[in-house]
Amino acid sequence: MKKKITLIVSLIVVAALAVTVFAACGKTNTTGNDTSDSSASTSGSAEKKTLTLATSADFPPYEYMEGDQYKGIDIEVAGLIADKLGCELKVSNMNFDAVLTAVPAGKADMGMAGLTVTEDRLKNLDFSDSYATGVQVLIVKEGGKIASVDDLYDESKDLGKGLKIGVQLTTTGDIYLSGDVSQKKTNVEVKEYKAGADAVMALVSGKIDAVLIDNEPAKSFVKANDGLKILDGEYVKEDYAIAFAKNSPIKDQVNAALKELIADGSVQKVIDKYIPAE
Ligand code: ARG
């Protein structure tokens with residue numbers, strides 16, 4: 001009798017664990033208009049649940065495409081998290097501004113896109129621990145008009161006036177610079193692009209005078225295009241973290257997995273692979 005009870009108890013424990021693991025993942029499929037939530041049924045399904053990642057694969061080395069493959073730090077870290085939770089990672093690629101709306105709308109389980117934690121974003125998103133940092137830098141043409149970041153703000157030279165600065169729509173670069181313009185701290189004209197690479201192309205072809213973007217993507221873009229450089233300057237550090245809808249049911253499990261991956265050095269290993277020490 002005792003044996004039987006132990007067996008039943010352990011079966012219940014196993015079942016409960018299975019539910020927790022499955023509950024950690026999102027719906028089986030989020031494509032199309034299927035709104036049915038399959039996470040409710042967990043029994044007998046051999047199919048792995050998916051963990052849907054909203055990202056904007058235009059931001060090397062954090063996320064980018066190589067042929068039809070998703071590559072980058074965020075993609076690999078998300079993959080490690082999915083492995084830990086027993087889920088299959090599904091990447092949902094979109095423009096960066098769409099990531100910021102898809103995640104709170106529950107269209108993806110989480111967002112990773114070199115995404116900076118800001119006070120404003122905390123109003124409609126929850127964030128994991130930070131797993132990386134970045135700073136906004138200015139890319140200019142070698143021998144161009146702008147010699148330092150201060151030039152944008154220097155009224156005596158009146159350089160800000162007439163300068164066009166490219167940013168990626170709704171990124172922190174956009175928010176900070178547009179904020180400075182509306183507070184009349186600078187007279188530059190902010191030009192918003194869907195992707196950082198579009199802003200860089202505009203810089204290369206002389207349509208704008210600089211691009212304000214995160215330092216690591218900036219390095220990639222400078223490397224990929226002749227005649228560009230990054231201006232020296234003291235920049236404010238930003239924390240990158242995973243974004244979730246408010247009160248997301250999977251946030252705690254994803255964050256616990258992330259904590260483990262940070263503690264055991266796995267995250268650093270991925271970062272070092274993509275950002276080799278100089
Ligand atoms: N760190 C900046 C922000 O959060 C830029 C992120 C852009 N990411 C991307 N995948 N394009 O606003």
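The values are calculated or read from the model by the stated rules, or taken from the named source; none is laboratory data. Model, not experiment: these values are computed from the prediction. No Cβ is skipped: glycine too gets one built from the backbone with ideal geometry, and neighbour counts run over all protein chains shown. Areas reflect the complete protein model, heavy atoms only, side chains present, ligands, DNA and RNA absent. Shrake-Rupley method; radii C 1.70, N 1.55, O 1.52, S 1.80 Å.
Considering each of S92, S128 in turn, give the residue that is surrounded by 22 or more Cβ atoms within 10 Å (Cβ to Cβ), under 13 Å from the mean Cα position of the chain (by Cα) and away from the ligand (no atom under 11 Å from the Cβ).
Working: S92 fails: surrounded by 22 or more Cβ atoms within 10 Å (Cβ to Cβ).
Among S92, S128, only S128 is surrounded by 22 or more Cβ atoms within 10 Å (Cβ to Cβ), under 13 Å from the mean Cα position of the chain (by Cα) and away from the ligand (no atom under 11 Å from the Cβ).
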Residue hits (segment 96-118; open to solvent by 40 Å² or more (accessible area, probe 1.4 Å) and under 19 Å from A132 (Cβ atoms)) are V117
Given the conditions (1) within 22 Å of G265 (Cβ to Cβ); (2) within 10 Å of the ligand (Cβ to nearest atom); (3) aliphatic (A, V, I, L, M); (4) open to solvent by 10 Å² or more (accessible area, probe 1.4 Å), every one holds for A57 apart from (1)
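Name every residue in segment 234-278 that is of a type in the set (D, E) and open to solvent by less than 90 Å² (accessible area, probe 1.4 Å), in order of residue number. Walk me through it before giving the result.
Going residue by residue through segment 234-278, those that are of a type in the set (D, E) are 234, 238-239, 252, 260, 264, 272, 278.
Across segment 234-278, the qualifying residues are E238, D239, D272.
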* Asked: Can you find even one residue in segment 191-213 that is open to solvent by 50 Å² or more (accessible area, probe 1.4 Å), within 16 Å of the ligand (Cβ to nearest atom), of a type in the set (D, E, K, R) and in contact (Cβ under 8 Å) with a residue 60 or more places away in the chain?
  -> yes
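Going by the conditions given, is I213 over 23 Å from F127 (Cβ atoms) and either among the hydrophobic types (A, V, I, L, M, F, W, C) or outside any strand (DSSP E or B) (or both)? Talk me through it step by step, then tell me what you get.
Numbers: over 23 Å from F127 (Cβ atoms): no; either among the hydrophobic types (A, V, I, L, M, F, W, C) or outside any strand (DSSP E or B) (or both): yes.
In short, no.
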Out of (1) modelled with pLDDT of 70 or more; (2) hydrophobic (A, V, I, L, M, F, W, C); (3) surrounded by fewer than 21 Cβ atoms within 10 Å (Cβ to Cβ); (4) in a helix (DSSP H, G or I), the one M65 does not meet is (4)
Only one of (1) touching a helix residue (DSSP H, G or I) at 6+ places or on another chain (Cβ under 7 Å); (2) within 16 Å of the ligand (Cβ to nearest atom); (3) in contact (Cβ under 8 Å) with a residue 60 or more places away in the chain; (4) open to solvent by 70 Å² or more (accessible area, probe 1.4 Å) does not apply to F221, and that is (4)
Considering only helices (runs of 4 or more DSSP H) wholly within segment 142-207, the ones with at least 2 residues that are over 30 Å from Y64 (Cβ atoms) and not hydroxyl-bearing (S, T, Y) are 150-153
key: Meets criteria (surrounded by fewer than 21 Cβ atoms within 10 Å (Cβ to Cβ), within 12 Å of the ligand (Cβ to nearest atom) and under 28 Å from S266 (Cβ atoms)) for V135   = yes
Listed by first then second residue, the pairs whose first member lies in segment 92-121 and is over 21 Å from G72 (Cβ atoms), whose partner is within 9 Å of the ligand (Cβ to nearest atom) and open to solvent by 40 Å² or more (accessible area, probe 1.4 Å), with beta carbons under 8 Å and at least 6 positions apart or on separate chains, are T118/I175; D120/I175
Scanning segment 224-233 residue by residue, those open to solvent by 60 Å² or more (accessible area, probe 1.4 Å) and assigned to a loop (DSSP other than H, G, I, E, B) turn out to be D226, D232
Checked pairs for segment 172-187, first of a type outside the set (A, V, I, L, M, F, W, C), second within 16 Å of the ligand (Cβ to nearest atom) and open to solvent by 90 Å² or more (accessible area, probe 1.4 Å), C-beta under 8 Å and 6 or more apart or across chains, list as D174/E192
Of the residues in segment 95-125, those that are more than 14 Å from T170 (Cα to Cα), part of a loop (DSSP other than H, G, I, E, B) and within 11 Å of the ligand (Cβ to nearest atom) come to M112
